[in-house]
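The values are calculated or read from the model by the stated rules, or taken from the named source; none is laboratory data. Small disclaimer: the values here were computed from a predicted structure and weren't measured. All Cβ positions, glycine included, derive from the backbone under ideal geometry; neighbour counts span all protein chains shown.
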Amino acid sequence: GESVGLHLPTLSVQEGDNSIINCAYSNSASDYFIWYKQESGKGPQFIIDIRSNMDKRQGQRVTVLLNKTVKHLSLQIAATQPGDSAVYFCAETPNTGNQFYFGTGTSLTVIP
Amino acid sequence: EPEVTQTPSHQVTQMGQEVILRCVPISNHLYFYWYRQILGQKVEFLVSFYNNEISEKSEIFDDQFSVERPDGSNFTLKIRSTKLEDSAMYFCASSEGTFSNQPQHFGDGTRLSIL
């Protein structure tokens, strides 16, 4: 079966520092990856996506890195703010268009 | 910014009863999805829907589940005879394109509690 998991279940960072959240996946056919942010009582919120033909993509304060060799995905948040405190999920889907698989999530806590 | 809306936010139902969860996807989106999240666990795919038919479903989506787009705006998930283990958050999502083409945008979910 599919395996999309996160290396660290919790992460605490000081406000203003950079955060790095990691994700491992097992399916070499994975083609499209998304990072979602989930705040308490809310649904997953799209942050950034990346396709398998890329190894880096940048958004506003966020960067996603994809290493297909080791099947690893990371989300970097620059200048972390208290509003960034949430659970972060990676999700992936293979190029066959099958089910979207979510990881178990990393809980990010930003310390003021 | 357009968003996916779900109603009700919390549904309490007796075991064995039917329940219908409702969603209004983003208006120009063509693909619709249901996911569930049992407390403390990962988000799990249930079903995807396009052009008025199911395009993919997981093994969780058994004969007790059905989906429908009864009109041009609503997308519903029906659980025919609820079980205790159906208690979870149910999220609706929609996208402009398919899984591997466009991101999915989620609603804030319906918390389903089965007694």
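Being at pLDDT below 95, touching a strand residue (DSSP E or B) at 6+ places or on another chain (Cβ under 9 Å) and not acidic (D, E) narrows it down to one residue among A:T69, A:T93; which is it?
Only one candidate passes the filter, namely A:T93.
Out of B:S73, B:S27, which single residue is in a loop (DSSP other than H, G, I, E, B), closer than 20 Å to A:Q45 by Cα, more than 9 Å from chain A (Cβ to nearest Cβ) and without any contact (Cβ under 8 Å) to a residue 60 or more places away in the chain? Step through it out loud before you land on a result.
Details: B:S73 fails: closer than 20 Å to A:Q45 by Cα.
From the options B:S73, B:S27, the qualifying one is B:S27.
Looking at A:S85, A:S26, can you tell me which residue is more than 14 Å from chain B (Cβ to nearest Cβ) and buried (at least 17 other Cβ atoms within 10 Å of the Cβ)?
Answer to the check: A:S85.
Take the residues in segment A:58-82 that are in contact (Cβ under 8 Å) with a residue 24 or more places away in the chain and within 14 Å of chain B (Cβ to nearest Cβ), then tell me which one is surrounded by the fewest Cβ atoms within 10 Å (Cβ to Cβ).
Filtering segment A:58-82 for residues that are in contact (Cβ under 8 Å) with a residue 24 or more places away in the chain and within 14 Å of chain B (Cβ to nearest Cβ), the one surrounded by the fewest Cβ atoms within 10 Å (Cβ to Cβ) comes out as A:V62.
Among the residues of segment B:92-102, write down those that are surrounded by fewer than 19 Cβ atoms within 10 Å (Cβ to Cβ) and either at the interface with another protein chain (Cβ under 8 Å from one of its Cβ atoms) or modelled with pLDDT of 95 or more (or both).
Correct list: B:T98, B:S100, B:N101.
If you check B:S87 against the conditions, is it over 13 Å from the mean Cα position of the chain (by Cα) and either within 12 Å of another protein chain (Cβ to nearest Cβ) or buried (at least 17 other Cβ atoms within 10 Å of the Cβ) (or both)? Break it down into steps so the answer makes sense when it comes.
Numbers: over 13 Å from the mean Cα position of the chain (by Cα): yes; either within 12 Å of another protein chain (Cβ to nearest Cβ) or buried (at least 17 other Cβ atoms within 10 Å of the Cβ) (or both): yes.
Criteria met by B:S87.
State all residues of segment A:29-40 that are touching a Ser or Thr at 6+ places or on another chain (Cβ under 9 Å) and within 9 Å of chain B (Cβ to nearest Cβ); if no residue qualifies, say none.
Passing the criteria: A:D31, A:Y32, A:I34.
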